[in-house]
Structures are given as C-alpha cells and as structure tokens.
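This report concerns only the one structure given below.
The values are calculated or read from the model by the stated rules, or taken from the named source; none is laboratory data. Here the structure is a predicted model, which is why all the values come from computation and not from measurement. Cβ coordinates were reconstructed from backbone atoms using ideal geometry, including for glycine residues, and neighbour counts include every protein chain displayed. The area values use the complete protein model at the heavy-atom level, side chains included, leaving out ligands, DNA and RNA. Shrake-Rupley method; radii C 1.70, N 1.55, O 1.52, S 1.80 Å.
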Amino acid sequence: MTITMAAVYAEGWQKAVVSPMTRADAAARDACGAPYAVLLAADGRVRAVLQVSWRDRYCEVIRLDARGRTVATHEFRGSGDGELFLFESRTWDGPDDAGEYEFPHVAARHHTRYRLDGRRVDIDEPLGDRGRRTQTQRWEEPPRLPVPAFGNWHELLNLAGAGGVEVADAVDLVLPVVAAVVPPWRPPSPLPPGDPAALFVSGTEYLAAGHGLRIEVHEAGCLRLPSGRVVAADPSSLDIDAKPYTVTVPPGVYPVTVSLARFVADPQHTRVAAVRLAVAERPATTWELGLRDGQDPLDLGYREYFGFGVDAGMACFIDAESCARSEDVWRGLGGLVTPRFTGVEDETMVAWSSGWGHGAYPVWIGRDDDGGVVCFVADMLLFGEDEDDD
C-alpha cells in the first residue's frame, strides 16, 4: 500500500516546525550543500524527518510513530565515490504504553554500524537499559544509493524502512511553528584545521578569554626521528599513550618551532599556541587531521576531533622508537612554566606546556601541492574556533 506524505521544508523539527522555508529556499540549500530538513507528515502528524547537508556528505532519516516517539534513525554518509552508504541505523520497538521520555530506555533497541571496508557490527539490547547487551560482527558491504536529486526521496526512504511512500508538497497543513535560536541539529562536520600556518607569523594578535595576545615564534631545537613514526603525547603518559600517527616521514632529524602567545597587557604571561615539526621547507597548501590506527573521521560529530590527551599540563613530540626509554624524562622538565618549551639534550624529545592545561589536542598534518608531507602542527586550541552557523 502506498502512503502519501506531505512535505514541509524547514531548519528542522523539535515537536514543532523550526523556521519553515519555502520549497525554493530548500532547493537552493540543497544545490549549494547547505543544511535543511524535510518534514513528512501524514494524518496531520510528522512521521519522518530528513536532515540533509550535502556539503558534509550527510543525510539522516528519522522515523516517528503516531505518538511522536522516535522509532528509527538511519544515517547516510558519502562513500567517496559520489554515492551514499548506510553508516548506521538504530531502531526502538515498544512497549506501546511507554511515554515519550521513558520509551528510549525501555524499548528493545538494535544498532547497526557499517564500515566501508565491509565490517558490520550489530548491537542488540532486547530489554533496553534493563537487560543484556549482545554484540556481533560480520562482513557485509553497506547498502548504497546515489545522492538523490532534490525531492526524489523514495529510494532513501526505502533504505530507511519507510518504503511505499509518495511525497507531495504540503497544502493547508497546520503544524506548530517555532523560530530557531540555535540550529535544531548539526551535521557531523569535524573541527576544521583553520589556518595552522597563521599561528607561526610573528606579531599576529589574537583575542582569547578576553585578553589580547601577540604571537612570537621561537626555535625549539631539533627532533630525531629514527623510525619516522611521529608521536604527540603527554610526556608523563608515554607508557600508555605513545601511539604514532599513521602518516610517517623518512627517518631523520627535523627542526621544531614554537608559536608562543604573549599577553599584551601582561608580558610576563605566555602560553604555547602551537608547535610545528617541519619535515620540508615547502609551504603547506592542504591540512588534514592526524590519525592513529583505528581512528576513522566518520566517527566524528560536529566540531569533534581526535586528539592526544594531556593530564600533566605538558605535551611533546617524540619518535615512537624513543618512547620506551623516555618514560621518565618528564620528571626533569619542571612543569615548563619558565621556559614554556625545551628540547631534550639528545634530541629525542621536544616538550612544551600545553595551552590552557589538560585536555585533548589535535595534530594537523600539512601537505604541499603534490601531496607530500611538509609538517606536523600540534594545535593547543588557544584561540578556539569561530562557528559558521547557517
């Protein structure tokens, strides 16, 4: 049986239509890749929500029951070859008498996650929060489909378990409406690198935590990389977190530069903004997030990143081969308050104080026009990131 659903275009759905827009406005967003949502209603109730952001290679289909409870989500991502693939799905089933807020906790839950290498992981929780959890893994290629043209949602809905649906623009459909103060949903766009090279321009001024800071660039010595496997870590945690990045460099000795931010109104106060390990003298024209084995950018949500952890307020660059014999070096660093950075005498480590302190910090890998690695930049996130909200 075919069901006709009425389409309403908006920023999103939060028990009400969030900032409705015309079909033409939604089509324009679709064409330029900007986020928007399609609300599909039947019998005067929204039964499905499509959240679309093609610039992030993302679409999610959310299905609701007649009581407005979420019963399924299907998240699609770009596969890299112009198609979409089913990244993950979640379903909730009964009990019928559970309220909206109780339902996700007591319903039977199933979660499926696909990987592009063919791995499929299923998690079953037949009693919700109240019972056992079973995880299984097998090899199965994820379902795929072409990126749909605007308005041509049937194949996407079929893969999301909502087959037999025809979509027509809503006419005289009355739904509650609210204005968006903040976006009602976020596409999974990880933290962007910005311009790491700009952090190494002396005299540049930034504003952080209400204070003006001016950049100074200092040479921190050289780092010996006998294996070419770069590690960024808290020097006090080399025994548990010495995991190298998957991108390697030729073994050798490479210069390290520190971007030091000095408070304009309090010149005695400094913080490390970033540290660069230079592999080549060529400028970086593209940047990518440094990854360790097992890390997949598809797992990152809005403004998320994979970073190395800091607990002792210090960070370092070191070669993977040097970690085991350098586990106690941090004890002689004195907290790196004055100075904020140092190179170990035998060039096995360059260490620095970590921005505002403990936390997790990304490493950006710069490449030249030919794709060659030219540097690793540990970003201490001193200045935060500006958000580009639509």
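How charged is the neighbourhood of residue 261? Take every other residue with its Cβ under 10 Å from the Cβ of residue 261, and add Lys/Arg as +1 and Asp/Glu as -1.
+2
Could you do me a favour and compute the accessible area per residue for the stretch 1-54, 1.4 Å probe, result in Å²?
41
Give the peptides 329-340, 130-141 in descending order of average Cβ contacts within 10 Å, highest first.
329-340, 130-141
When a/c reaches 1.5 or more, the comparison of a/b and b/c decides; with that in mind, is the chain rounded, prolate or oblate per its Cα gyration tensor?
Prolate is the answer for the chain, as a/c is 1.5 or above and a/b outweighs b/c.
Hey, rough spin-label estimate for residue 300 and residue 327, points 7 angstrom out along Cα→Cβ, what's it come to in nanometres?
With each label point 7 Å from Cα toward Cβ, the separation is 3.1 nm.
For the pair residue 281 and residue 24, what calculated FRET efficiency results from E = 1/(1 + (r/R0)^6), where r is the Cβ-Cβ distance and R0 = 45 Å, to the nearest 0.05? Write out the running numbers ahead of the final one.
Values: r = 51 Å, r/R0 = 1.13.
In this case the efficiency is close to 0.35.
How about the stretch 253-316: which GluC sites (Glu not before Pro) there are in a DSSP loop, with at most 15 other Cβ atoms within 10 Å of their Cβ?
281, 304
Using the per-residue mean of other Cβ atoms lying within 10 Å as a proxy for protection, in what order, highest first, do the peptides 52-61, 98-107, 235-244 fall?
52-61, 235-244, 98-107
At what distance in nm do the modelled label points of residue 121 and residue 264 sit from each other, each positioned 7 Å from its Cα along Cα→Cβ?
Roughly 4.7 nm, to one decimal.
Defining a contact as two alpha carbons under 8 Å apart and six or more residues distant in sequence, what relative contact order in percent does the chain show? Walk me through the numbers on the way to the answer.
Details: 910 pairs, mean separation 51.8, N = 390.
Relative contact order here is 13 percent.
Could you give the distance between the Cα centres of the stretch 191-254 and the stretch 27-105, to the whole Å?
What the calculation gives is 39 Å, centre to centre.
What order do 120, 23 take when sorted by accessible area (1.4 Å probe), most exposed first?
23, 120
What number, rounded to the nearest 500 deg cm²/dmol, is the helix-based mean residue ellipticity at 222 nm of the chain, given -39500 (n - 2.57) per DSSP H run of at least four residues and division by all its residues?
-1500 deg cm²/dmol
Measuring from label point to label point, each 7 Å out along Cα→Cβ, what is the residue 346 to residue 171 span in nm?
8.2
Mind checking the per residue accessible area of the stretch 125-257 for me, 1.4 Å probe, whole number of Å²?
Roughly 54 Å² per residue, with all protein chains present.
For the stretch 264-367, what is the accessible area per residue in Å² when the probe is 1.4 Å?
Counting only protein heavy atoms, the per-residue value for the stretch 264-367 is 47 Å².
Can you give the extra length, in nm with one decimal, that the chain gains between residue 204 and residue 32 once fully stretched, where that is 0.36 nm per residue apart less the Cα-Cα distance?
On the way: separation 172, 0.36 × 172 = 61.92 nm, distance 3.36 nm.
Contour length minus the Cα-Cα distance gives 58.6 nm.
Using the alpha-carbon centroid of each, what span in Å lies between the stretch 322-360 and the stretch 121-174?
49
What's the carbon and sulfur percent of the chain's accessible surface, probe 1.4 angstrom, rounded to a whole number?
Its accessible area is 50 percent carbon and sulfur atoms.
In terms of solvent-accessible area of protein heavy atoms at a 1.4 angstrom probe, what is the ranking of 292, 282, 271, highest value first?
I get 282, 271, 292, largest accessible area first.
For the Cα atoms of the chain, what angle does the longest principal axis make with the long axis of helix 23-32, in degrees from 0 to 90, nearest 10?
On a 0 to 90 degree scale, this one is about 30.
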